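First up is the structure itself, then whatever we jot down about it.
Every read-out reported here was derived from the displayed coordinates using simple, explicitly stated rules and does not represent laboratory data. Quantities reported herein were computed from a predicted structural model and do not represent experimental measurements. For neighbour counting, all protein chains shown are included, and Cβ atoms are generated from backbone atoms with ideal geometry for every residue, glycine included.
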Amino acid sequence: SDHATDSWEARAAAHSFYGFTDMPTIHDRGTIVVTHGEGPYVVDTNGRRYLDANSGLWNMVAGFDHPTLIEAAKAQYDRFPGYHAFFGRMSDQTVMLSERLADLAPFDGARVFYTNSGSEANDTLVKMLWFLAGAERNPGRRKILTRWGGYHGVTAVSASMTGKPYNSIFGLPLSGFLHLTCPHYWREGREGESEADFTARLAQELEDTIAREGADTIAAFVAEPVIGAGGVIPPPEGYFQAVEPILRRHGIPLVSDEVICGFGRTGAVWGAETYGFMPDAIISSKALTAGFFPMGAVILGPDLADRLGRAVEEIEEFPHGFTASGHPVGCAVALAAIDLIADGGLLDNVRRQTPRFEAGLAALAEHRNIGEWRGKGLMGALEAVQNKATRTPFASDLSVSERIANTCTDHGLICRPLGQSIVLCPPFTMTDAQMDEMFDKLSTALDTVFAEVA
Ligand code: PLP
């Protein structure tokens, strides 16, 4: 075969599928084949270095070459390279990780179920709730409430939870997956409506939805503390304080999808902590292993953990699990990653860098075609608009956010276009100089592209 005579980019396009990549990107520009990383930078097959302002896919929070995590993986490969968590057997690393997660969880009495991804963790949660509905003889309690714009994954169930228009081509969502209004005040708030009024309207919508559907048909409300892949949308003022008591009153579990927010991204270990609410379960992945191993987890709080425990006794088993659930290398890496984040200074650095991050976003929002900046901790977004006063978006065929991201790539910065926004989610290890580099390059790209399209 003459594969090796073609460029790496052509070879990637010839025999691999990308996720979420449009054809112009594949055919014209913007594909990169990466060979290794250096701190928050990745290096491609042409030797070019890019500051990855998205931490890969929000997950590589310790950068791309952290020696502690590499050592933790190597040491575990030497001891015991693979095992499962079926049939009453699991590795010692799995036991220790569950203990660590239970200690770190915002509730006492947690129990953990492991998956390979965030999507599978959401599927697992839903299957747990459906299993409970069956075991507790409440078979109608199956509906899942999420928000439009929320992102929960791509498997058939988790994609049904995700509130994105692209799911319709798959004939999704499955029935019984209901989406409430996207909690984005700047875009969804009505003329003259205060942020507090917007929150009250969303709370009323939840209340009305429960009344219409029947509380005993709803298995859970699942929400990201800050919507991530929907465009970095922090909740409006008082949102979780409004929603939590409604759910409690109706006995509906509040599940925090912390796949992005968990382990420090918002400036606390949990997004639920940042926003002051108490979840009934937590969905985790990504930063759980700092992206050094594919792993997800469902962390059940005491009520769901006890009920699932009783149901499993009654039914004999919970017929669910993945071959690599609780993989010992993943667990060893997660233990090391959690140490780094919680005790090793990474969370401290998120807090230290947050003012610089916010100041950088606020400064870029002065550009004439940035309508809004938003963010929490080290996740942020800039919303491009054709007209700042009227908040009119650019025509979608101008692909403004994609052009900004491609221009950034030309300057050695990877950032993510999401709808009309540009998203930043840098590693927790960022230095002052790397923060400045990120904002300088993005600023240059904004100037270039806005001059072209204005
Ligand atoms: N939930 C949230 C909040 C996410 O951001 C993601 C991925 O971005 C997922 C779930 C799905 O995780 P995965 O891509 O590992 O399946």
- Message: Highest mean first, how do 183-189, 123-129 rank when packing is the count of other Cβ atoms within 10 Å averaged over residues?
- Response: 123-129, 183-189
- Between rounded, prolate and oblate, where does the stretch 334-417 land on the alpha carbon gyration tensor, with a ≥ b ≥ c its root eigenvalues, rounded for a/c under 1.5, else prolate if a/b exceeds b/c? prolate
- Pop out the ³J(HN,Hα) list for the stretch 98-104 in order, Karplus 6.51 cos²θ - 1.76 cosθ + 1.60 with θ = phi - 60°, rounded to Hz; leave Gly and Pro as x. 4, 4, 4, 5, 5, 5, 7
- Note on the structure: Taking Cα pairs closer than 8 Å and at least 6 residues apart, the relative contact order of the stretch 388-454 in percent is 35 percent
- Gap separating the Cα centres of the stretch 411-443 and the stretch 52-107, nearest whole Å: 27 Å
- Note on the structure: Karplus-derived 3J(HN,Hα) from phi for the stretch 389-400 (6.51 cos²θ - 1.76 cosθ + 1.60, θ = phi - 60°), whole Hz, x at Gly and Pro, runs 5, 8, 6, 6, x, 5, 4, 5, 6, 6, 6, 4
- Simple spin-label model, 7 Å along Cα-to-Cβ: Glu358 to Asp197 in nm? 2.6 nm
- quick note, the chain, DSSP beta bridge pairs, % antiparallel (nearest 5) is 65 percent
- Yeah, the stretch 157-259 with a ≥ b ≥ c from its alpha-carbon gyration tensor (a/c under 1.5 is rounded, else prolate when a/b outruns b/c, oblate otherwise) is oblate
- Given labels modelled 7 Å from the Cα in the Cβ direction, how far is it in nm from Ala102 to Asp339? 2.1 nm
- Message: What does the extension gain come out to for Asp348 and Asn138, with contour length at 0.36 nm per residue minus their alpha carbon separation?
- Response: 71.1 nm
- Message: Whole-Hz ³J(HN,Hα) for each residue in the stretch 348-365, computed from phi via Karplus 6.51 cos²θ - 1.76 cosθ + 1.60 with θ = phi - 60°, x for glycine and proline: what do you get?
- Response: 4, 5, 4, 5, 5, 7, 4, x, 5, 5, 5, 5, x, 5, 4, 5, 5, 5
- For Leu180, distant residues with modelled amide H under 5 Å away: Thr146, Arg147, Trp148
- Given the Cα-Cα distance of Met278 and Ala10 and 0.36 nm per residue of separation, how much length would full extension add, in nm? 91.6 nm
- the stretch 29-98, relative contact order in percent, only Cα pairs under 8 angstrom and at least six apart counted: 20 percent
- Message: Rounded, prolate or oblate, given the Cα gyration tensor of the stretch 210-314, with a/c below 1.5 counting as rounded?
- Response: oblate
- Which order, highest average first, do 427-435, 330-338 follow once you tally other Cβ atoms within 10 Å for each residue and take the mean per peptide? 330-338, 427-435
- Can you tell me the dipole magnitude for the stretch 69-343 around its Cα centre, using point charges on the Cβ only (Lys, Arg +1; Asp, Glu -1), in Debye to the nearest 20? 620 debye
- Task: List the residues whose amide H sits under 5 Å from the amide H of Gly296, counting only those 5 or more places along or on another chain, with H placed 1.01 Å from N in the peptide plane.
- Result: Thr115, Asn116, Ser117
- Counting other Cβ atoms within 10 Å, which chymotrypsin sites (Phe, Trp or Tyr not before Pro) in the stretch 26-89 have at most 10 and lie in a DSSP loop? Phe87
- Message: To make sure I understand the rule: partners must be lysines, Cα under 16 Å from the Cα of Lys143, and not fewer than 8 residues away in the same chain. Which ones qualify?
- Response: Lys127
- Along the Cα-to-C-beta direction of Phe86, a point sits 7 Å from the Cα; which residues of the stretch 310-325 have their amide N less than 11 Å from that point? 320-325
- Message: I'd like to know which of Thr35, Gly19, Tyr83 lies farthest towards the positive end of the charge dipole of the stretch 4-142, counting +1 on Cβ of Lys and Arg and -1 on Cβ of Asp and Glu.
- Response: Tyr83
- Return the distance in nm (one decimal) between the two label points of a simple spin-label model at Asp447 and Asp22, each offset 7 Å from Cα along Cα→Cβ. 2.6 nm
- Task: Could you list which residues have their amide H under 5 Å from that of Tyr41, counting only those 5 or more apart in sequence or on another chain, with H placed in the peptide plane?
- Result: Asp52, Phe64
- Task: Quick one: work out Rg over Rh on the C-alpha atoms of the stretch 69-343, Rh as Kirkwood radius.
- Result: 0.97
- Task: With an 8 Å cut-off on Cα pairs and a minimum separation of 6 or more residues, tell me the relative contact order of the chain in percent.
- Result: 20 percent
